[in-house]
Amino acid sequence: MRTNLLISTMFAALAMLSSCGDDDGDNNDPELLAPKVKAVFPADGATDVAQDSKVYVLYDRNVKQYFSVENNITINGEKANVKISGDTLLFDVAIKANTTYTISVSDNAIYAADVETKCYAAPVQFSFTSYTVDSKISESAINSANPAVQKLYKFFFDNYGKKIISGTMANVSMPQSEAALVKAATGKTPLMQTFDFCFVTLTADRSTWEQNSIYQDITYYKSLWEQGGIVSACWHLNVPSKEAYAAKNDVNNSEKSWNAQVYFSAKNAVKDGTWENDFIKFAFDKAAEVLLKYKAEGIPVVWRPFHEGSGNATITGNDQDAWFWWGKDGAEAYKNLWVYMFDYFKAKGLDNLIWVWTTQIGVGSDGSENWYCKDDSNWYPGDKYVDIIARDNYEKAKASASVTEFETIQKFWPNKMIAMGENGSIAKISEIFKAGGKYSYFMPWYTYNLTDLHNSIHAKLDWWQDAAACNDVIFVENLNK
């Protein structure tokens, strides 16, 4: 299915006209003449532009003080977010794959030193097209040379679009009770099993369920790996709601301190000398201690931190509407935090991770383009920090909704595999996959105290029976067949 696609190009002329107030046109004072364009980037008519490319117009002088607030600067006809940096007009645009962009700067946006001369820079218009080539999906993990990581990533790659990997969530860390229920009901063991580092920072005065110690014994997951299974982890990172708690390494869990009801600054978390930074390094050290246990056993971990980062922020335009603390300072702080974790873990020697980022791009329950979360691609940390794109998929009774969602995400990131980081009550997986929702894996969220799949909130017995009977789904028992 990976074939080169024809990329269309669109070329619009650069109009190099200016209008000055002198009737005789003899005004040669360089401070009064209009700034001139030296270059645009990407070049007008460029194709195969990378998604992390910068977009800017370069002038022949510093134009910051000459920028008109009453301007008309657009990207594809919509008002653009721009800033001036010296002699450069910078555009804040998250480039999507297989998309043509036309940048327009009106003739009243940049003017000479004396605005009374009405001496404006020429209008600018240029176009470029981003790439879309399915074969750009890498056959190897980009973040690690660890042989075990590369072998696991190749397993994902080889099955992508052909088979879907089964998965289950633990009731936080242990036990993997739902995996056992699936095995008892269907005779098959979910291949990929995920635990949550939710309690890794908590102290020993908690209940048995809420302690760091539950992560120290990796016997169960080592056994899963030895059977051919896949170990996966996410992290509802508990943090203190204020500095007083941080001093005691007490995350005040009763206030649900991973969510947006409390405040812990993601922006400050990456700044040396702040109490938030002291705590985040403490938390990273606790997680790294456990992840290094897996490395010592030669076990790679599919790692999905800081999920659902934008929450509702892209809908309302208010960063405070992010669902979790890691999104409340906005996209730039979120991306900086991701990179900070990436670099911190790398310095710890953690090369046994496959990094999964979760997008909030979605569609309506009927499969329409009624996104309940708008484009969050500007929250994406970048290709060199992410191996797989995930989507948390809930409340979609129709298979077409999950298919449309898959296709929508694929348009944004054609160079990455797409997976279900979590899923709730959705259509049967056989229907979704056969209809074109070629997700790499699925991962039903757990139900507290579940003893019977009939009572599952997210994946009931008939859903699992369908998955177990589907030749497109990989369970542990399918590995040698």
Handout entry: Cα-based shape type of region 137-478, given that a ≥ b ≥ c are square roots of the gyration tensor eigenvalues and the cut on a/c is 1.5
Key = rounded
Fill in the blank from the handout: Interchain or sequence-distant (5+) residues whose placed amide H lies within less than 5 Å of the amide H of Thr47 are Thr129
Practice task
Positive end of the charge dipole of region 137-478 (Lys, Arg +1 and Asp, Glu -1 on Cβ, about the Cα centre): tell me which of Pro381, Ile432, Ser223 has its Cα farthest that way.
Solution key: Ser223
Exercise for the section: Describe numerically, in nm with one decimal, the distance between label points set 7 Å from Cα along Cα→Cβ at Lys271 and at Ala145. Expected result: 3.7
Exercise for the section: Using a Förster distance of 45 angstrom, determine the FRET efficiency expected from the C-beta separation of Gln227 and Phe282, and round it to 0.05. Expected result: 0.85
Handout entry: Distance between modelled label sites at Phe157 and Asp351, nm, 7 Å Cα→Cβ extension
Key = 1.7
Handout entry: Packing-based order for 347-357, 164-174, using average beta carbon neighbours within 10 Å, highest first
Key = 164-174, 347-357
Handout entry: Pairs from Lys374/Lys434; Lys136/Lys416; Lys136/Lys438; Lys267/Lys328; Lys154/Lys411 whose Cα-Cα separation, in the structure shown, is over 19 Å
Key = Lys374/Lys434; Lys154/Lys411
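Laboratory data are not the source of any read-out in this text; all were calculated from the coordinates shown. Just so you know, these numbers come straight off a predicted model, no measurement behind them. Glycine also receives a Cβ, built like all others from the backbone with ideal geometry; neighbour counts cover every protein chain displayed.
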